[in-house]
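Worksheet for the structure shown next.
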Amino acid sequence: MENEPFVPGLAGKGGHLIALEEVLDALKLQAGVLDMDAFRGQWRVVVDSSQLHATLKRLKEAWQFDMLVDITCVDYLQYQHATDRFGMVYLLACTERNQRLAIRVLLNEPNLVLPTVTDLWAGADWMEREVWDMFGIRFEGHSDLRRILMPEAFAAHPLRKDYPRQGRGERHNFPVVTRDQS
Amino acid sequence: MALELPDNVVVTKLDALASWCRKNSLWPMPFATACCGIELMGTGASRHDLARFGAEAMRFSPRQSDLMVVAGRVVMKMLPVLQRIWLQMNEPKWCISMGACASTGGVFDTYAVVQGIDRFMPVDMYVPGCPPRPEQLLQAIIDLQDKIQQGGTLAGREFARAQRSRVLVDLSASGPCGPDERAN
């Protein structure tokens, strides 16, 4: 056993190789899984928002996807052939088997609410704050959902595609300090 | 009646003497937020040797410095901080806007970046470049020394008007939040 070579994808000592396809087959039977496809070997699973938390919990606890790489969002406004406005992306990794999986949730206004996953991965805290700040998607159950990049009193969500690149004048809305005042 | 003076005596005005002292011991406050800050460090280091112009004593406390060097882009979240530090500096004080970003926003024409600090605070000298070479910053300091020599008075009369009309600038009311009716 000591000289057993390291095999990426081998689950623990004496375990059998759990291929990503096994995980995907199991996911197909799960409620709320709408679609899955691959691009250049990277799998992506589209999940209904009501089943998002249950799916992520199962992936973490039953399939050892122990690492939350990133949470981010895409605004599909004016995107060709797009049917939904926002796509939330959860990038997961299984450090034991060296596998990666992307979970997507499609969202439309006005229901821009998702359950938080900070109870599964504490690192989701700041990622969800960033998505809230930049895209305005709320995370129910998040303990401290404040803006993380923009000033707290900022009114818009600047990475939305209907927000102008140069802003709406916020960057010029400051008091002027003159020589006489300083 | 001409006054007979020995050769080793110079006659000048006290105002000019005060300015001469001030211009040769500038204490920069390095407000370095981007790559211009690296050039600022290079200017202070041995190769370019800012000490030749008496401005090598960089202080990270506004109370101990009289030359604000804004080196790099200033985002809207940072501007109230910059203004507060400027207000905390004691007179006489001067400001150098170093590089394209501090002066105009540079290539960062986005919602988050202030398009030139001179919109919101006084600037004495602009340094072009992206980033400027240390020689350019040195030239700005030399030019600023000329400016200081021309303007200063011993009693600080040039600041008297500022003292009279000094009002408390309420930076807490700065609202970088809602849309502004002023043009972009």
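Name the strands (runs of 3 or more DSSP E) wholly within the stretch B:1-104 that hold at least 2 residues that are surrounded by fewer than 17 Cβ atoms within 10 Å (Cβ to Cβ)? Before you say what the answer is, go through the steps one by one.
Values: elements: B:28-32, B:67-71, B:94-98.
Passing ranges: none, list empty.
Going through the stretch B:77-91 one residue at a time, which ones are in contact (Cβ under 8 Å) with a residue 60 or more places away in the chain and in contact with a strand residue (DSSP E or B) (Cβ under 7 Å, 6 or more places away or on another chain)? Let's see the steps before the verdict.
Pass one, the stretch B:77-91, residues in contact (Cβ under 8 Å) with a residue 60 or more places away in the chain: B:77, B:79-80, B:83-84, B:87, B:89, B:91.
The one that is in contact (Cβ under 8 Å) with a residue 60 or more places away in the chain and in contact with a strand residue (DSSP E or B) (Cβ under 7 Å, 6 or more places away or on another chain): B:Met89.
Identify the residue in the stretch A:12-38 that is small (Gly, Ala, Ser) and modelled with pLDDT under 90 and, among all such residues, is surrounded by the fewest Cβ atoms within 10 Å (Cβ to Cβ).
Filtering first and then ranking leaves A:Gly14.
Criterion first (touching an Asp or Glu at 6+ places or on another chain (Cβ under 8 Å) and among the polar types (S, T, N, Q)) does B:Gln115 satisfy it? Steps first, answer last, please.
On the way: touching an Asp or Glu at 6+ places or on another chain (Cβ under 8 Å): yes; among the polar types (S, T, N, Q): yes.
So B:Gln115 passes the test.
Name, by its number, the condition in (1) without any contact (Cβ under 8 Å) to a residue 12 or more places away in the chain; (2) in a loop (DSSP other than H, G, I, E, B) that does not hold for A:Met150.
(1)
Could you tell me whether B:Leu144 is aliphatic (A, V, I, L, M), assigned to a helix (DSSP H, G or I) and in contact with a strand residue (DSSP E or B) (Cβ under 6 Å, 6 or more places away or on another chain)? Steps first, answer last, please.
On the way: aliphatic (A, V, I, L, M): yes; assigned to a helix (DSSP H, G or I): yes; in contact with a strand residue (DSSP E or B) (Cβ under 6 Å, 6 or more places away or on another chain): yes.
So B:Leu144 fits the description; yes.
Yes or no: B:Val127 more than 24 Å from B:Gly44 (Cα to Cα), without any contact (Cβ under 8 Å) to a residue 60 or more places away in the chain and either in contact with a Gly (Cβ under 9 Å, 6 or more places away or on another chain) or not basic (Lys, Arg) (or both)? Before the answer, list the steps.
Working: more than 24 Å from B:Gly44 (Cα to Cα): no; without any contact (Cβ under 8 Å) to a residue 60 or more places away in the chain: yes; either in contact with a Gly (Cβ under 9 Å, 6 or more places away or on another chain) or not basic (Lys, Arg) (or both): yes.
No.
Can you name every residue in the stretch B:76-135 that is facing chain A (nearest Cβ under 10 Å), under 15 Å from A:Asp180 (Cα atoms) and aromatic (Phe, Trp, Tyr)?
Selection gives B:Trp86, B:Phe120.
If we scan the stretch A:134-151, do we find a residue that is over 26 Å from A:Gly32 (Cα atoms), basic (Lys, Arg) and at the interface with chain B (Cβ under 7 Å from one of its Cβ atoms)?
no
Check the stretch A:111-122 and report whether any residue there is assigned to a loop (DSSP other than H, G, I, E, B), more than 11 Å from chain B (Cβ to nearest Cβ), within 27 Å of B:Val114 (Cβ to Cβ) and in contact (Cβ under 8 Å) with a residue 40 or more places away in the chain. Talk me through it step by step, then tell me what you get.
So in the stretch A:111-122, the residues assigned to a loop (DSSP other than H, G, I, E, B) come out as A:111-112, A:116-122.
Adding the requirement that they be more than 11 Å from chain B (Cβ to nearest Cβ) leaves A:111-112, A:116-122.
Then drop every residue that is not within 27 Å of B:Val114 (Cβ to Cβ), which leaves none.
No, the stretch A:111-122 contains no residue that is assigned to a loop (DSSP other than H, G, I, E, B), more than 11 Å from chain B (Cβ to nearest Cβ), within 27 Å of B:Val114 (Cβ to Cβ) and in contact (Cβ under 8 Å) with a residue 40 or more places away in the chain.
Would you pick out the residues in the stretch A:69-110 that are in a strand (DSSP E or B) and closer than 16 Å to A:Leu34 by Cβ? Walk me through how you get there before you give the answer.
Initial filter on the stretch A:69-110 (in a strand (DSSP E or B)): A:69-75, A:86-94, A:99-107.
Selection gives A:Phe86, A:Gly87, A:Met88, A:Val89, A:Tyr90, A:Leu101, A:Ala102, A:Ile103, A:Arg104, A:Val105, A:Leu106, A:Leu107.
Name the single residue, out of those in the stretch B:136-158 being within 16 Å of B:Leu67 (Cα to Cα) and within 14 Å of chain A (Cβ to nearest Cβ), that is modelled with the highest pLDDT.
Among residues in the stretch B:136-158 that are within 16 Å of B:Leu67 (Cα to Cα) and within 14 Å of chain A (Cβ to nearest Cβ), the one modelled with the highest pLDDT is B:Lys147.
For the stretch A:80-100, does any single residue satisfy the condition of being farther than 20 Å from A:Ser49 by Cα, away from chain B (no Cβ under 14 Å), crowded, with 19+ Cβ neighbours inside 10 Å and not charged (D, E, K, R)?
Looking through the stretch A:80-100, at least one residue is farther than 20 Å from A:Ser49 by Cα, away from chain B (no Cβ under 14 Å), crowded, with 19+ Cβ neighbours inside 10 Å and not charged (D, E, K, R).
Would you tally the residues in the stretch A:39-68 being assigned to a helix (DSSP H, G or I), surrounded by 15 or more Cβ atoms within 10 Å (Cβ to Cβ) and within 15 Å of the chain's Cα centre (by Cα)? Explain how you work it out, then say what you get.
Let us first name the residues in the stretch A:39-68 that are assigned to a helix (DSSP H, G or I), namely A:49-61.
Of the ones still in play, those that are also surrounded by 15 or more Cβ atoms within 10 Å (Cβ to Cβ) are A:49, A:51-53, A:55-56, A:58-60.
If we keep only those that are within 15 Å of the chain's Cα centre (by Cα) too, we end up with A:49, A:51-53, A:55-56, A:59-60.
Counting residues in the stretch A:39-68 that are assigned to a helix (DSSP H, G or I), surrounded by 15 or more Cβ atoms within 10 Å (Cβ to Cβ) and within 15 Å of the chain's Cα centre (by Cα) gives 8.
The values are calculated or read from the model by the stated rules, or taken from the named source; none is laboratory data. All of these numbers come straight from a predicted model, not from anything done at the bench. Because the Cβ atoms are built from the backbone with ideal geometry, glycine has one as well, and the counts that use them run over all protein chains shown.
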